[in-house]
1. Determine the pairs where a residue that is in contact (Cβ under 8 Å) with a residue 60 or more places away in the chain, located within segment 48-70, has a partner that is surrounded by 14 or more Cβ atoms within 10 Å (Cβ to Cβ) and among the charged types (D, E, K, R) with Cβ atoms under 9 Å apart, the partner being 6 or more residues away or on another chain.
2. Can you tell me which residues in segment 13-33 are within 20 Å of the chain's Cα centre (by Cα) and either in contact (Cβ under 8 Å) with a residue 12 or more places away in the chain or outside any helix (DSSP H, G or I) (or both)?
3. Does segment 68-85 contain any residue that is among the polar types (S, T, N, Q), farther than 22 Å from Gln106 by Cβ, modelled with pLDDT of 95 or more and not in a loop (DSSP other than H, G, I, E, B)?
4. Working only within segment 28-69, note down all residues that are within 18 Å of Ala101 (Cα to Cα) and basic (Lys, Arg).
5. Have a look at Ile88, Ile4 and point out the one that is in contact with a helix residue (DSSP H, G or I) (Cβ under 9 Å, 6 or more places away or on another chain), aliphatic (A, V, I, L, M) and either modelled with pLDDT under 95 or assigned to a helix (DSSP H, G or I) (or both).
6. Restricting to segment 1-21, what's the tally of residues that are in contact with a Leu (Cβ under 9 Å, 6 or more places away or on another chain) and not hydrophobic (A, V, I, L, M, F, W, C)?
7. Give segment 34-48 a look and list any residue that's in contact with a helix residue (DSSP H, G or I) (Cβ under 7 Å, 6 or more places away or on another chain), of a type outside the set (Lys, Arg) and in a helix (DSSP H, G or I), or say none.
8. With the requirement that a residue be closer than 16 Å to Thr69 by Cα and touching a residue at least 60 places away in the same chain (Cβ under 8 Å), what does segment 34-47 give you?
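The values are calculated or read from the model by the stated rules, or taken from the named source; none is laboratory data. Because the structure is a prediction, the values reported are computed rather than measured. Neighbour counts are summed over all protein chains in view; Cβ atoms, including those assigned to glycine, are modelled from backbone coordinates with ideal geometry.
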Amino acid sequence: MENIYMTIIEFLATFLIIYTLYYFFIIRKCKKNKDYVPVEVNLILIKYHIDYKKIDIYSMVKIVSFVTTIILSFAITFVIKLYNNAVISLLFGTLLSLLLALICYQIIGNHYAKKSKIKK
């Protein structure tokens, strides 16, 4: 039981560190420069044919940053707890991150695609 609490604390610490970095380097940059769009958001916009003029791009950046932070934090915490071998950890962490990103970005993309088609 104590091990579960430590894992949750490690996850939250990892989440806070990564989200702070995302906030200072991505979210603030997007807020200051209206033309800046992060790569993740740009890929979602292109893949799902979302008209960025019909949605609030800043809210999308915040949501994608939050989801990306959860994905990375989960993958890092899970891999550190599971494997001691660096090569296997790197490989498994990368695969886990990509799989979770594909699933989550598809959900976000479908949501914003519906939203952009509704607003005319």
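1. Matching pairs, first to second residue: Ile50/Lys115; Lys54/Lys115; Ile55/Lys115.
2. Applying the first criterion (within 20 Å of the chain's Cα centre (by Cα)) to segment 13-33 yields 13-31.
Listed by number, the residues that qualify are Thr14, Phe15, Ile18, Tyr19, Tyr22, Tyr23, Ile26, Ile27, Cys30, Lys31.
3. No, there is no match, as no residue in segment 68-85 is among the polar types (S, T, N, Q), farther than 22 Å from Gln106 by Cβ, modelled with pLDDT of 95 or more and not in a loop (DSSP other than H, G, I, E, B).
4. Lys47, Lys62
5. Ile88
6. So in segment 1-21, the residues in contact with a Leu (Cβ under 9 Å, 6 or more places away or on another chain) come out as 14-15, 18.
Next cut, not hydrophobic (A, V, I, L, M, F, W, C) only: 14.
The number of residues fulfilling the criteria is 1.
7. Within segment 34-48, Glu40, Val41, Ile44 meet the criteria.
8. Glu40 - this is the single residue of segment 34-47 that is closer than 16 Å to Thr69 by Cα and touching a residue at least 60 places away in the same chain (Cβ under 8 Å).
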